[in-house]
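The values are calculated or read from the model by the stated rules, or taken from the named source; none is laboratory data. Given the structure is predicted, the values throughout are model-derived calculations rather than measurements. We place every Cβ from the backbone using ideal geometry, glycine too, and count neighbours over all the protein chains shown. Quick note on the areas: whole protein, heavy atoms, side chains included, nothing else; ligands and nucleic acids left out. Shrake-Rupley method; radii C 1.70, N 1.55, O 1.52, S 1.80 Å.
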Amino acid sequence: MPLHSSLGDRVRLCLKKKKKKSPKKKKKISYIKATKIASSIGQYFAFMMLIFGLLNMNIILILIAIFIYVGATQEYRAVIFDELFKKIKAKDIMTTNIIHVHPEMSVNEFIDFMLKHRYLGYPVIENGNLVGVVTINDIAGVEKSKKIRDVMKSPMVISPDADISEILGSMDDEDRVFVLENGKLKGPISKTDV
């Protein structure tokens, strides 16, 4: 048997031994379970701090314990909320019956339009494209002869596949967001829809 053949056999044998000694794969736990464990540990430490604070009459320690307990509880609830609602997409909750206004409409005409349709805000559509949004707040104290183009704001837009947490994050400063797909308005979502 040639030398290089036995050397190759030895290398293969060493590699087989190393493969056998490889450690077992660790089992991963879910994000929800990990958060539940972390939340429980936080609550336990908060409870211990509370007892220690009560025994020593330390109001600062008591307040910190309450803060930690509430924070741990709320974090777990937020994770549960995200997991439950992440499958719900914007396209599932948007209004598909789109009632819109034209930018050349006067504020006076808009008021009549609003009273007829009973919504507080509308998308502004020009040549089939979303160009703005106008709400009752935008026309407060404005001359009735002004055009909607002069008082409208830029719309907050999201994709049809945005989940609830993205939608709510977009609605921090806005009452409504608009679902756009390939540049076309598919529907609005207001805070009451969520």
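A few comments on the model shown:
- Considering every alpha-carbon pair of the range 143-189, the percent of pairs per 5 Å bin, from zero through the bin containing the longest distance, is 5, 19, 26, 18, 14, 9, 6, 3.
- DSSP-assigned coil residues among trypsin sites (Lys or Arg not before Pro) in the range 143-194, each with at most 11 further Cβ atoms within 10 Å: LYS144
- In whole percents, the pair-distance distribution calculated for the chain from its alpha-carbon pairs, binned every 10 Å from zero, is 8, 21, 17, 13, 14, 13, 8, 4, 2, 1, 0.
- Among the protein heavy atoms of the range 39-194, carbon and sulfur supply 58% of the accessible surface, probe 1.4 Å, non-protein parts ignored.
- Rounded to whole numbers, the Karplus 3J(HN,Hα) couplings from phi for the range 168-180 are 5, x, 6, 8, 4, 10, 10, 7, 8, 10, 10, 8, 10 Hz, using 6.51 cos²θ - 1.76 cosθ + 1.60 with θ = phi - 60°, and x at Gly and Pro.
- Solution diffusion estimate, µm²/s, Stokes-Einstein, the range 37-113, Kirkwood Rh from C-alpha pairs, 4 °C, viscosity 1.567 mPa s: 77 µm²/s
- Looking at the range 102-173, the GluC sites (Glu not before Pro) that sit in a DSSP loop and have at most 12 other Cβ atoms within 10 Å of their own Cβ are GLU104, GLU143.
- In loop segments of the range 52-126 as defined by DSSP, the trypsin sites (Lys or Arg not before Pro) with at most 13 further C-beta atoms inside 10 Å of their C-beta are LYS86, LYS87, ARG118.
- Ranked order, HIS100, HIS117 - accessible area, probe 1.4 Å, largest first: HIS100, HIS117
- Extension reserve of the ARG149-PHE47 stretch, reckoned as 0.36 nm per residue once the Cα distance is removed: 30.9 nm
- Length gained on full extension, LYS36 to SER165, computed as 0.36 nm times the residue gap minus the Cα-Cα distance: 44.5 nm.
- Anisotropy class of the range 72-117 from Cα gyration tensor, a/c 1.5 cut: prolate
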